[in-house]
Amino acid sequence: MEELLRILSDLHPDVDFETQENLIDDMILDSFDIVTLISEISESFDVTISAEHIIPENFNSAKAMYELIQKLEDEE
Amino acid sequence: MLFTSYEFIGFAMLLLIAYYCCPKKYQWVLLLMFSCAFYYIAGPVYLIYIFITIITTYFAACMIEKNADRQSEYLKIHKAEMSKEEKKSYKLHEKHIRAGWKIGCIVINIGILAVVKYADFLIDNANSILTSFGYTGKLSFASLALPLGISFYTLQAIGYLIDVYRGTVRAERNLFKFALFISFFPQLIQGPISRFDSLSKTLYSGHTFDIKTVSYGLQRVLWGFFKKVVIADRILAGVQTIIGDIQTYNGAYAFVGMIFYTIELYADFTGGIDITIGIAQSLGITVQENFIRPYFSKSLKEYWRRWHISMCNWFRDYIFYPVSSSRLIQKVSKFSRKKFSAAIGKHLPIYISSFVVWFATGIWHGASWNFIVWGLANWFVLMVSEELEPVYLRFHNRFHLNTNFLYRLYLIGRTVMLVCCLNMFDCYSSVSDTLTAFGSMFTASNWHIIWDGALLNIGLTMADYCILLAGIILLIAVSAAGRSGGVRDKISMKPYPVRLCIWFGLFLIVIIMGAYGVGYDASQFIYNRF
């Protein structure tokens with residue numbers, strides 16, 4: 001989780017990702033951010049996030065993203 | 001049959017009466033019948049194209065879902081006896097089958113769109129290449145008619161298919177209900193490109209007559225008519241004069257034409273969408289909003305989040321994300337991180353996928369180079385802005401300008417001018433004409449035409465300018481009022497005589513000040529041609 005929070009705060013240093021739960025719905029993260037995140041997560045966690053995983057529910061909070069990473073790690 | 005024609009008004013009124021007289025259970029059937037009639041009137045042959053899209057998409061989606069259900073069932077039964085590797089291999093095999101259905105259906109539907117929309121464009125380019133190599137013979141044009149709304153319903157059908165493939169929506173098992181989703185007539189001509197999970201919530205359910213819903217819908221239709229016939233169709237004469245003769249109307253005229261075209265495009269397209277959403281609302285059906293005050297945007301990136309939202313979301317979800325998250329692009333990203341720098345590796349997927357998206361967006365708008373260049377020009381500006389983002393951030397932090405009203409106004413003005421410049425590619429319909437007109441603005445010595453009365457000789461009278469000015473002020477005022485809640489809600493809280501004056505006044509304005517008369521052609525909604 002610390003690694004993910006580090007990636008997120010590199011992207012938007014001004015956002016408190018530990019408490020935010022509507023990152024997509026409140027347009028804090030846009031499509032460019034999502035693509036950057038996918039590259040960073042892929043590099044750091046060695047998992048593949050495909051287009052079908054890119055839905056608001058998976059990216060609305062750091063917790064949801066971490067759960068997605070864990071799910072993908074289990075599958076791979 | 002066009003939205004601003006008397007036939008269409010009669011058609012919509014007849015539907016409204018029949019819809020609320022019909023048993024709720026069969027209202028969607030009535031909608032399907034009216035949608036088929038609308039399409040039949042547009043051209044009986046076109047029915048074949050939309051029929052192929054409906055059948056292929058319906059069938060492929062059902063097969064994809066059947067396969068996914070069978071996979072879940074099989075895994076549930078054999079969970080204990082299968083190893084992790086066996087499960088993975090089985091899932092992959094089944095996924096390939098589903099992908100086969102998806103790709104087959106997309107190839108058929110994009111193939112139809114490509115043939116009817118792009119055949120002549122390709123032939124024209126092939127002829128140019130042959131000529132440059134010295135061949136005298138020319139390939140003859142296919143000259144196929146473009147079926148009504150094909151660019152919109154094809155994207156809508158593909159979006160639905162991919163959603164079923166991803167498991168985010170269940171496939172519609174009733175063929176006729178699915179046919180209504182694709183052919184729902186108010187959105188057939190110029191969108192919005194609806195999502196199944198959003199539109200189906202209200203499309204098939206029965207609706208009881210509710211005076212508030214119906215009147216809100218009709219008020220929205222009236223507002224759409226105001227934008228279309230009072231503003232867009234009135235300013236059209238000036239735009240056509242200026243773009244029709246770039247040698248005479250250069251310099252300051254090109255600047256005026258550029259501004260006028262942006263006003264026309266906004267009033268025309270948002271007006272058409274208001275009519276679509278209003279008709280649907282009067283039937284109790286919710287169609288998603290397609291614009292959120294785009295000309296209040298402070299950057300081009302923000303503008304594209306507020307303009308033609310359904311199209312932008314479609315390209316984002318079904319092209320941008322799949323391309324940027326593809327194995328190939330991720331490999332390129334990793335390679336660039338190692339060979340060049342982390343920053344390049346991070347940004348490369350954005351550059352490449354945005355390029356693909358903007359190329360596709362450009363060519364989707366029309367089969368000609370000016371649309372492709374328009375798309376790529378948008379891509380270029382967006383990427384430069386993305387690169388300059390840290391500089392802007394440092395600047396804003398240093399001078400604390402983000403909260404300054406005048407600075408925000410400057411950002412809005414800058415974005416409007418940028419969009420106006422980019423729209424010139426669409427307006428002039430030729431890259432060379434656009435560049436000539438654009439260049440002439442910087443070498444012009446005829447800026448006096450703005451105040452010496454010359455603009456009264458471009459097909460617009462003083463009365464036209466007065467109506468346009470009043471109309472645009474009203475547009476901006478309504479748009480600004482919409483920031484703090486629904487304008488119709490605010491009006492509905494006024495006393496009855498005030499409400500009556502507002503809506504009857506708007507009705508009279510549309511009747512009296514609409515651009516009608518000899519030579520008036522109500523047919524041309526700009527987005528129809530896309």
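The values are calculated or read from the model by the stated rules, or taken from the named source; none is laboratory data. The shown structure was predicted, so the numbers you read here are calculated from the model rather than taken from an experiment. Cβ placement follows ideal geometry from the backbone for every residue including glycine, while neighbour counts extend to all protein chains displayed.
Can you name the residue in segment B:248-296 that is of a type in the set (Asp, Glu) and part of a helix (DSSP H, G or I) and, of all such residues, is farthest from B:His448 (Cα to Cα)? So that I can check it myself, show each step before the final result.
As a first pass, look at segment B:248-296 and keep what is of a type in the set (Asp, Glu): B:264, B:268, B:274, B:289.
Still in the list and also part of a helix (DSSP H, G or I): B:264, B:268, B:274.
Details: B:Glu264: 24, B:Asp268: 29, B:Asp274: 38 Å.
The extreme case among them is B:Asp274.
Can you confirm whether B:Ser215 is at pLDDT below 95, within 14 Å of another protein chain (Cβ to nearest Cβ) and either part of a helix (DSSP H, G or I) or in contact with a strand residue (DSSP E or B) (Cβ under 8 Å, 6 or more places away or on another chain) (or both)? Break it down into steps so the answer makes sense when it comes.
Numbers: at pLDDT below 95: yes; within 14 Å of another protein chain (Cβ to nearest Cβ): no; either part of a helix (DSSP H, G or I) or in contact with a strand residue (DSSP E or B) (Cβ under 8 Å, 6 or more places away or on another chain) (or both): yes.
No.
Within the set of pairs 6 or more residues apart or between chains, which connect a residue that is without any contact (Cβ under 8 Å) to a residue 12 or more places away in the chain and more than 14 Å from A:Ser31 (Cβ to Cβ) inside segment A:45-65 to a residue that is among the small types (Gly, Ala, Ser) and surrounded by 19 or more Cβ atoms within 10 Å (Cβ to Cβ) with Cβ atoms less than 9 Å apart?
Close Cβ pairs (under 9 Å, with a partner that is among the small types (Gly, Ala, Ser) and surrounded by 19 or more Cβ atoms within 10 Å (Cβ to Cβ)) amount to A:Ser50/B:Ser325.
Which residues, taken from segment B:195-210, are assigned to a loop (DSSP other than H, G, I, E, B) and either among the hydroxyl-bearing types (Ser, Thr, Tyr) or under 16 Å from the mean Cα position of the chain (by Cα) (or both)?
B:Arg195, B:Tyr204, B:Ser205, B:Thr208
In segment A:22-44, which residue that is part of a helix (DSSP H, G or I) and either acidic (Asp, Glu) or surrounded by fewer than 18 Cβ atoms within 10 Å (Cβ to Cβ) (or both) is farthest from the other protein chains (Cβ to nearest Cβ)?
It comes out as A:Ser44.
So if I check each of B:Phe438, B:Phe442, which one is aromatic (Phe, Trp, Tyr), closer than 28 Å to B:Gly375 by Cβ and in contact (Cβ under 8 Å) with a residue 40 or more places away in the chain?
So the residue among B:Phe438, B:Phe442 that is aromatic (Phe, Trp, Tyr), closer than 28 Å to B:Gly375 by Cβ and in contact (Cβ under 8 Å) with a residue 40 or more places away in the chain is B:Phe438.
Has segment B:263-272 got at least one residue that is surrounded by fewer than 22 Cβ atoms within 10 Å (Cβ to Cβ), at pLDDT below 95 and within 12 Å of chain A (Cβ to nearest Cβ)?
Scanning segment B:263-272 turns up no residue that is surrounded by fewer than 22 Cβ atoms within 10 Å (Cβ to Cβ), at pLDDT below 95 and within 12 Å of chain A (Cβ to nearest Cβ).
So in segment A:1-21, with the set limited to residues that are away from chain B (no Cβ under 14 Å) and not in a loop (DSSP other than H, G, I, E, B), which one is surrounded by the most Cβ atoms within 10 Å (Cβ to Cβ)?
A:Leu4
Quick check on this structure: which one of B:Gly362, B:Gly413 is free of Cβ contacts under 8 Å to residues at least 24 places away in the same chain and under 17 Å from B:Ile259 (Cα atoms)? Walk me through it before giving the result.
Working: B:Gly362 fails: under 17 Å from B:Ile259 (Cα atoms).
Only one candidate passes the filter, namely B:Gly413.
Answer yes if at least one residue in segment A:55-74 is among the charged types (D, E, K, R), over 26 Å from B:Lys102 (Cβ atoms) and within 10 Å of chain B (Cβ to nearest Cβ), and no otherwise. So that I can check it myself, show each step before the final result.
Filtering segment A:55-74 for residues among the charged types (D, E, K, R) gives A:57, A:63, A:67, A:71, A:73-74.
Okay, now just the ones that are also over 26 Å from B:Lys102 (Cβ atoms), so A:63, A:67, A:73.
Next cut, within 10 Å of chain B (Cβ to nearest Cβ) only: none.
No, segment A:55-74 contains no residue that is among the charged types (D, E, K, R), over 26 Å from B:Lys102 (Cβ atoms) and within 10 Å of chain B (Cβ to nearest Cβ).
Here are some conditions: (1) buried (at least 20 other Cβ atoms within 10 Å of the Cβ); (2) polar (S, T, N, Q); (3) out of contact with any Ser or Thr (no Cβ under 8 Å at 6 or more places or on another chain); (4) within 17 Å of A:Ser42 (Cα to Cα). B:Ser333 meets all but one. Which one does it not meet?
Only one criterion is unmet by B:Ser333, namely (3).
Tell me, yes or no, whether segment B:364-382 has at least one residue that is more than 21 Å from B:Ile110 (Cα to Cα), assigned to a helix (DSSP H, G or I), at the interface with another protein chain (Cβ under 10 Å from one of its Cβ atoms) and not charged (D, E, K, R).
Scanning segment B:364-382 turns up at least one residue that is more than 21 Å from B:Ile110 (Cα to Cα), assigned to a helix (DSSP H, G or I), at the interface with another protein chain (Cβ under 10 Å from one of its Cβ atoms) and not charged (D, E, K, R).
Among the numbered criteria (1) of a type outside the set (Phe, Trp, Tyr); (2) closer than 30 Å to B:Phe405 by Cα; (3) assigned by TED's automatic domain parsing to the domain that holds B:Val214; (4) surrounded by fewer than 19 Cβ atoms within 10 Å (Cβ to Cβ), which single criterion is violated by B:Arg306?
All conditions are met except number (3).
List every residue pair whose Cβ atoms sit under 6 Å apart, with the two residues 6 or more apart in sequence or on different chains, where the first one lies in segment B:21-48 and is within 18 Å of B:Leu2 (Cβ to Cβ) and the second, anywhere, is outside any helix (DSSP H, G or I) and not hydrophobic (A, V, I, L, M, F, W, C).
Listed pairs, sorted by first residue: B:Tyr46/B:Pro147.
So which of B:Ser297, B:Ser310 is within 30 Å of B:Ile467 (Cβ to Cβ) and touching a residue at least 60 places away in the same chain (Cβ under 8 Å)?
Exactly one residue qualifies, and that residue is B:Ser297.
Would you call B:Ser215 surrounded by fewer than 22 Cβ atoms within 10 Å (Cβ to Cβ) and farther than 25 Å from B:Leu474 by Cβ?
no
Which of the residues that make up segment A:49-64 are part of a loop (DSSP other than H, G, I, E, B) and buried (at least 17 other Cβ atoms within 10 Å of the Cβ)?
A:Ile49, A:Ile54, A:Asn60, A:Ser61
Please tell me if B:Ala477 is out of contact with any helix residue (DSSP H, G or I) (no Cβ under 6 Å at 6 or more places or on another chain) and either outside any helix (DSSP H, G or I) or exposed (fewer than 12 other Cβ atoms within 10 Å of the Cβ) (or both).
Answer is yes for this residue.
Just to be sure before I move on: is B:Pro192 part of a loop (DSSP other than H, G, I, E, B) and surrounded by 23 or more Cβ atoms within 10 Å (Cβ to Cβ) in the structure I sent?
So B:Pro192 fits the description; yes.
Of the residues B:Tyr295, B:Tyr253, only one is closer than 28 Å to B:Ser432 by Cβ, at pLDDT below 95 and away from chain A (no Cβ under 11 Å); which? Can you show your working first?
Details: B:Tyr295 fails: closer than 28 Å to B:Ser432 by Cβ.
Going through B:Tyr295, B:Tyr253 in turn, just one is closer than 28 Å to B:Ser432 by Cβ, at pLDDT below 95 and away from chain A (no Cβ under 11 Å): B:Tyr253.
So which of B:Ala252, B:Ala267, B:Ala237 ends up being under 30 Å from B:Lys212 (Cα atoms) and not charged (D, E, K, R)?
Step by step, each of B:Ala252, B:Ala267, B:Ala237 is checked, and only B:Ala267 is under 30 Å from B:Lys212 (Cα atoms) and not charged (D, E, K, R).
Considering only residues that are more than 8 Å from chain A (Cβ to nearest Cβ) and among the hydroxyl-bearing types (Ser, Thr, Tyr), which ones fall in segment B:327-353?
Here is the first cut: in segment B:327-353, the residues more than 8 Å from chain A (Cβ to nearest Cβ) are B:328-329, B:331-332, B:335-336, B:338-344, B:348, B:351-352.
Selection gives B:Ser336, B:Ser341, B:Tyr351.
Can we say B:Arg483 is exposed (fewer than 12 other Cβ atoms within 10 Å of the Cβ) and either more than 26 Å from B:Asn370 (Cβ to Cβ) or under 33 Å from the mean Cα position of the chain (by Cα) (or both)?
The answer is yes for B:Arg483.
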